[in-house]
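The values are calculated or read from the model by the stated rules, or taken from the named source; none is laboratory data. From a predicted model like this one, the values you see are computed outputs, not experimental measurements. Positions of Cβ are generated from backbone atoms using ideal geometry, with glycine treated the same way; all protein chains shown enter the neighbour counts.
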Amino acid sequence: MLRRVLSVVVPGAALLVMAGCHALQSTFDSHGPAAERISHLSLFMTVLFVVITAIMWLLFGYAFYRRRGDLTEHAPIDTSGGEMWIAVGGIAIPLIVLSILFVWGLALLRAFPIHGMHGGPSHSMMAHSMKPDILIVGHQW
């Protein structure tokens, strides 16, 4: 009984939610200067993800299909080696990529500041324009 109700309610709720979407909502379909610059960052991140995924699949394929010998011979256990893969692939490359994305994101934040910070003549005016408007009203009943 519960399955039957859920099979009707869940698609109905999804249709109601999607009825509010009258246009394509995509990071790559930008409308405005800020969204355009953010879409460039999103495109870069998407391409970077695809490239890194392809490289990882190639490395997995190489590790899976390389010749390792047979069961009649056994190579001695060698615990040295492989540290360079960890240092470069696990620390250096992610640090470089994440630093680039972080700096690019900070540049986007600086390019599109909030509220009245565009063209303010001084830092004090910009700080004053960023103060929130808070109105507190109290009544005694």
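Tell me which residues, restricted to the stretch 95-134, are assigned to a loop (DSSP other than H, G, I, E, B), modelled with pLDDT of 65 or more and not aromatic (Phe, Trp, Tyr). Give the steps one after another, and end with the answer.
If we filter the stretch 95-134 for residues that are assigned to a loop (DSSP other than H, G, I, E, B), which is where we start, we get 112-122, 130-134.
Subsequent filtering for residues that are modelled with pLDDT of 65 or more retains 112, 131-134.
If the condition is that a residue be assigned to a loop (DSSP other than H, G, I, E, B), modelled with pLDDT of 65 or more and not aromatic (Phe, Trp, Tyr), then Lys131, Pro132, Asp133, Ile134 are the ones that fit.
Listed here are the residues, each with its yes/no results for (1) modelled with pLDDT of 80 or more; (2) surrounded by 10 or more Cβ atoms within 10 Å (Cβ to Cβ); (3) not in a helix (DSSP H, G or I).
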site	(1), (2), (3)
Ser26	no, no, yes
Ser39	yes, yes, no
Met45	yes, yes, no
Leu48	yes, yes, no
Ile55	yes, yes, no
Phe60	yes, yes, no
Phe64	yes, no, no
Asp70	no, no, yes
Pro76	no, no, yes
